[in-house]
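See structure below.
The values are calculated or read from the model by the stated rules, or taken from the named source; none is laboratory data. All of these numbers come straight from a predicted model, not from anything done at the bench. Cβ sites come from the backbone with ideal geometry, for glycine too, and all protein chains shown count toward neighbours.
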Amino acid sequence: MNPGQSEVKDIDKSCSENKTPRRRLHPPHRTPTPKFIIALYIIFLSSATYLVLQRYAYHGSFFTWRPLLPSPSGTNTIDTGYAQYRGAHSYRNAVSYLGIPYAEPPVGDRRFRAPLALNTTRVSLEAKGVVVDATEYPDFCIQGVTGGAPGGAGSEDCLKVNIYTPPGSKKGSNLPVLVYFHGGGYINGNPRNWPFDHWIDQSPNIIIVSVYYRLSSFGFLATPAFRDTANGDFNAGFLDQIQALKWVKEHIYSFGGDGGKVTINGESAGGSSVELHLVAANGGERLFSQAIAQSVYRTPLPTPEQQEPLFNFYAKRAGCGSGSIAAQLACLRKASVSALARAQDAAVTSAFTASGYKLFHPVVDGKVITDFPTKSVLEGKFAAVPLIVGATTNETAPRATLESFFPSMSRSDVSALLKQYPLSAFADLPELRLQTAMGDSQFRCARSILGTAFASTSKAWTYRYNQRTPGASGVDHAAENWMMFKGTTTGFNGTTTFSKLSPTATAFAEELIAYWVSFVRSGDPNAFKLARSPVWTPFTADEKSRIVLQEGPGESTDVSGSFLELESADEGARCRFVASMVEVQQN
């Protein structure tokens, strides 16, 4: 019983005994007891703690806090004309619309086929005039290597986008748009792990769209039988990306975006995707006006015939290896997601073929992807748009050799390549010789190859990312993701851990984001850069300048550590040789 209740009973008792009840509007004043004060303090702390926990979530083994979406309000509703979607404030200056479909679900007979444009009539009928909640991330696409839960991670019904906008963005705002394709080797990846709401919060004058596309066998199954599209389609996952760009061009207006001012961006396999969009249909895609390619994954693009042993292994492992090709495909379309995911996982470690092609990756289909991308670039068959391209200092794919990563390279090809990296240049650290050769061929030389080509036709800016993530021995592949996306560290099954950035790292992340957003807004990374950041000089044939991106000195938050350097003559020569090996490295 609390003091207030005791007081009321005392008053009632007094009135009864004296038989002269009086109406008292206020209880008599008493000094609160210590117990009462402590109780109020506990209630206050409990309420405050609850509110904080509603606003933030704990991630991983570090004391890392990441904002969650608060309850949505009616002001965060947009109307596409066929459905209304309600988003939510994820930051003060950002609204997130999550899981917006851009194509029909690729399930049943649509498995292994090109995406169908979204049936807006169906979506409208299913909505029944009710505002669709878009405040939760959707299921990601079925993963290739699923770690501790093989065959169970993700969903086939995944052709969706996340859209990040400033508050109040609406039809007629005509804001420039960034469309992001995630990395993951074309076998895994979850856009939730690379959120953009903090980008919008920092610079609330663009729209950002992140794309879910089919992965591994669900997105890149290939067999010569697909030359007859009645059987299926090559590069379904890449066609998903194209369909997403088409949807953006038509519908981003409803979210306040300008469908005619789209910048495509991606890292690793996402950077490779950007390169493929640049050369798709010999550069005739026309769905974007600028591009940012980070750590372009120069993966081999086999022919359908070279992928046939992989298809046969996959079909047999999934229990569909007998009968005609039509019967096998019908069986695969009826097979469970788990059976197919386990079959594609098994291919990675199996010695089923001497060809070396064990991954479901894009293929040269002769229609959309008409040739090896580097070859198309060298021949001038690309979309001549402004470009940012770069790589990290110590790029290389782990646990790979030249022969295993590039199955078409012979021993003599490997020897010829290694001659470009004389032992004398690596006398102090000879183990870096192979790592450098691998990193150049897999990632880094895309910077020089693309920079040179685009500098002669439009405009190009190149970079070297030179900031280690905490605990890393070098500036490894994807290091910039940690900095640009809230300390993200991805794991199996679409998971990630977010780590709190130091004040110095936060300042550097803001510098990176400012360069990227400036390019999206103006076609120039310098127009809206931070005042403390250096001017990023374009890459030209005469002056092969690039920016080195890194934190400021010590614990500085107001001084940039980034600076300009020139591509060395040795690096340029090595990359020209790498480009000359396109027939054996990209096949």
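So here's what we get for this one:
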| read-out | value |
| --- | --- |
| Residue match in the range 243-253 (condition: outside any loop (DSSP other than H, G, I, E, B) and within 30 Å of Ala343 (Cα to Cα)) | yes |
| Long-range neighbours under 8 Å by Cβ, at least six apart or interchain, first residue over 25 Å from Asn174 (Cβ atoms) within the range 513-538, second among the charged types (D, E, K, R) and not in a helix (DSSP H, G or I) | Arg532/Asp558; Val535/Lys529; Trp536/Lys529; Thr537/Glu543; Pro538/Lys459 |
| Test result for Arg464, modelled with pLDDT of 90 or more and under 22 Å from the mean Cα position of the chain (by Cα) | yes |
| Test result for Asp428, charged (D, E, K, R) and in contact (Cβ under 8 Å) with a residue 12 or more places away in the chain | no |
| Residue count for the range 337-360, restricted to those that are in a loop (DSSP other than H, G, I, E, B) and in contact with a Gly (Cβ under 8 Å, 6 or more places away or on another chain) | 2 |
| The listed residue being surrounded by fewer than 22 Cβ atoms within 10 Å (Cβ to Cβ), assigned to a strand (DSSP E or B) and in contact (Cβ under 8 Å) with a residue 40 or more places away in the chain, out of Thr489, Thr457, Thr506, Thr462 | Thr489 |
| Selection status of Glu551, charged (D, E, K, R), buried (at least 20 other Cβ atoms within 10 Å of the Cβ) and in contact with a Phe, Trp or Tyr (Cβ under 9 Å, 6 or more places away or on another chain) | yes |
| Condition met for Asp109 (at pLDDT 95 or above and within 26 Å of Thr77 (Cα to Cα)) | no |
| Count - residues of the range 289-315 that are within 21 Å of the chain's Cα centre (by Cα) and either surrounded by 24 or more Cβ atoms within 10 Å (Cβ to Cβ) or in a strand (DSSP E or B) (or both) | 9 |
| Residue in the range 140-159 that is over 15 Å from Gly219 (Cα atoms) and modelled with pLDDT of 95 or more present | no |
| Criterion (over 24 Å from Ala88 (Cβ atoms) and assigned to a loop (DSSP other than H, G, I, E, B)) met by exactly one of Gly184, Gly172, Gly168 | Gly184 |
| Among (1) buried (at least 17 other Cβ atoms within 10 Å of the Cβ); (2) in a loop (DSSP other than H, G, I, E, B); (3) modelled with pLDDT of 90 or more, the one test that Lys367 misses | (1) |
| Any hit, the range 165-184, residues being buried (at least 22 other Cβ atoms within 10 Å of the Cβ) and touching a Cys at 6+ places or on another chain (Cβ under 9 Å) | no |
| Subset of the range 492-532 (residues that are closer than 30 Å to Ala341 by Cβ and in contact with a Ser or Thr (Cβ under 7 Å, 6 or more places away or on another chain)) | Phe492, Asn493, Thr496, Thr497, Phe498, Ser499 |
| Count of residues meeting criterion [among the aromatic types (Phe, Trp, Tyr) and more than 21 Å from Asp440 (Cβ to Cβ)] in the range 532-587 | 2 |
| Matching residues in the range 89-117 - criterion: being closer than 18 Å to Gly219 by Cα, touching a strand residue (DSSP E or B) at 6+ places or on another chain (Cβ under 7 Å), buried (at least 16 other Cβ atoms within 10 Å of the Cβ) and aliphatic (A, V, I, L, M) | Ala103 |
| Test: residue in the range 577-587 that is closer than 30 Å to Gly356 by Cα, hydroxyl-bearing (Ser, Thr, Tyr) and either without any contact (Cβ under 8 Å) to a residue 40 or more places away in the chain or in contact with a strand residue (DSSP E or B) (Cβ under 6 Å, 6 or more places away or on another chain) (or both) | yes |
| Check on Asp240, closer than 30 Å to Asp109 by Cα and without any contact (Cβ under 8 Å) to a residue 40 or more places away in the chain | no |
| Val385 being touching a residue at least 40 places away in the same chain (Cβ under 8 Å) and within 22 Å of the chain's Cα centre (by Cα) | yes |
| So Glu285, is it charged (D, E, K, R), surrounded by 24 or more Cβ atoms within 10 Å (Cβ to Cβ) and either outside any loop (DSSP other than H, G, I, E, B) or within 24 Å of the chain's Cα centre (by Cα) (or both) | no |
| Residue within the range 438-449 that is under 17 Å from the mean Cα position of the chain (by Cα), surrounded by 23 or more Cβ atoms within 10 Å (Cβ to Cβ) and among the basic types (Lys, Arg) present | no |
| Qualifying positions in the range 201-235 - of a type in the set (D, E, K, R) and under 16 Å from Ala327 (Cα atoms) | Asp228 |
| Condition check for Phe352: modelled with pLDDT under 90, of a type in the set (Phe, Trp, Tyr) and either crowded, with 21+ Cβ neighbours inside 10 Å or farther than 25 Å from Ser273 by Cα (or both) | yes |
| Any chance His251 is under 25 Å from Trp199 (Cα atoms) and surrounded by fewer than 24 Cβ atoms within 10 Å (Cβ to Cβ) | yes |
| Breaking point among (1) at pLDDT below 95; (2) assigned to a helix (DSSP H, G or I), for Phe519 | (1) |
| Complete set of residues in the range 214-235 that are in contact with a Phe, Trp or Tyr (Cβ under 7 Å, 6 or more places away or on another chain), not acidic (Asp, Glu) and not in a helix (DSSP H, G or I) | Leu215, Leu221, Ala222, Thr223, Gly232, Phe234, Asn235 |
| Total residues in the range 331-342, condition in contact with a helix residue (DSSP H, G or I) (Cβ under 9 Å, 6 or more places away or on another chain) and surrounded by fewer than 22 Cβ atoms within 10 Å (Cβ to Cβ) | 7 |
| Filter pass, Ala269 being of a type outside the set (Phe, Trp, Tyr), buried (at least 21 other Cβ atoms within 10 Å of the Cβ), under 14 Å from the mean Cα position of the chain (by Cα) and under 30 Å from Ala330 (Cα atoms) | yes |
| Qualifying position, being farther than 30 Å from Ser458 by Cβ, of a type outside the set (Ser, Thr, Tyr) and at pLDDT 95 or above, among Ala291, Ala280, Ala315 | Ala315 |
